[in-house]
Amino acid sequence: MNKDVVLVVDDNAENRVLLHSLLKPNFQVLIATNGTQAIEAASKHTPDIILLDIMMPVMDGYEVCQRLKSDPITETIPV
């Protein structure tokens, strides 16, 4: 049975580790540490849901979400 895929996007290592450990038993967990990685991972792997940090350097979560929702490949992924 294939697990649903969750993309965790957070620049804080502690948050990533915590979320990964909580989600890993039931989901396949992908990790991105910034907005650029998030967009690339979402386009390549089409996760079932994205957990997105808002406050990140360079590209904040609002901009990441806007870019994801404007791309036909990722527009339907819940964020």
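Among the residues of the stretch 57-79, count how many are over 19 Å from Asn2 (Cβ atoms) and either open to solvent by 70 Å² or more (accessible area, probe 1.4 Å) or modelled with pLDDT under 95 (or both).
Qualifying residue count, the stretch 57-79: 11.
If you check Thr36 against the conditions, is it part of a loop (DSSP other than H, G, I, E, B) and of a type in the set (Val, Ile, Thr)?
Values: part of a loop (DSSP other than H, G, I, E, B): no; of a type in the set (Val, Ile, Thr): yes.
No; evaluated as a whole, the condition is false for this residue.
Do we find a residue being loosely packed, with under 12 Cβ neighbours inside 10 Å and part of a loop (DSSP other than H, G, I, E, B) anywhere in the stretch 24-31?
Yes: one or more hits.
Beta carbons closer than 6 Å, at least 6 apart along the sequence or on distinct chains, pair a first residue in the stretch 31-57 that is within 16 Å of Ser70 (Cβ to Cβ) and in contact (Cβ under 8 Å) with a residue 24 or more places away in the chain with a second that is outside any loop (DSSP other than H, G, I, E, B) and open to solvent by 40 Å² or more (accessible area, probe 1.4 Å) for Ile39/Arg67.
Go through the stretch 41-79 and count every residue that is in a loop (DSSP other than H, G, I, E, B) and among the small types (Gly, Ala, Ser). Before the answer, list the steps.
Step one: list which residues in the stretch 41-79 are in a loop (DSSP other than H, G, I, E, B), which gives 46-48, 53-60, 70-79.
Filter once more, so that each one left must be among the small types (Gly, Ala, Ser): 70.
Residues that pass the stated criteria total 1.
The values are calculated or read from the model by the stated rules, or taken from the named source; none is laboratory data. Nothing here was measured: the structure is a model prediction, and the numbers come from that model. Note that we place each Cβ from the backbone using ideal geometry, even for glycine, and neighbour counts take in every protein chain shown. Accessible surface is based on the protein model in full, side chains and every heavy atom, while ligands, DNA and RNA are left aside. Shrake-Rupley method; radii C 1.70, N 1.55, O 1.52, S 1.80 Å.
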